[in-house]
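These notes concern the structure reproduced below.
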Amino acid sequence: MALDPGLLEILACPDDKGPLRYLPDEDILYNPRLGRTYPIQEGIPVLLISESTDLDESERRRLDEITTDGSQSSSPEA
């Protein structure tokens with residue numbers, strides 16, 4: 001289930017308040033600045049730092065390659 005584009009515009013990382021990249025095929029939101037992902041469960045973003053996953057360098061590179069090919073990004077301001 002894809003996230004609503006309007007929702008993506010207002011989502012921000014709870015830690016650094018910056019935009020997140022949406023990876024619908026993996027059901028995650030990705031913060032490339034911190035190398036962290038947030039899960040999407042049943043169509044609901046779980047933006048809790050305690051529920052996030054810190055990525056190793058190889059996984060960060062993989063997601064960076066995917067997201068530079070046109071994934072949707074959220075913005076901290078509407």
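Overview of values
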{"item": "Every residue from region 18-68 that is at positive phi and either hydroxyl-bearing (Ser, Thr, Tyr) or exposed (fewer than 12 other Cβ atoms within 10 Å of the Cβ) (or both)", "result": "Glu42, Gly43"}
{"item": "Residues of region 28-43 classified as at pLDDT 95 or above, charged (D, E, K, R) and within 16 Å of Asp4 (Cβ to Cβ), total", "result": "0"}
{"item": "Region 14-55, residues that are of a type in the set (A, V, I, L, M, F, W, C) and within 18 Å of Ile66 (Cβ to Cβ)", "result": "Leu20, Leu23, Ile28, Leu29, Leu34, Ile40, Leu55"}
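The values are calculated or read from the model by the stated rules, or taken from the named source; none is laboratory data. Only a predicted model underlies this, so the values are computations on that prediction, with no experimental measurement involved. So basically every Cβ, Gly included, is an ideal-geometry build from the backbone, and we count neighbours across all protein chains shown.
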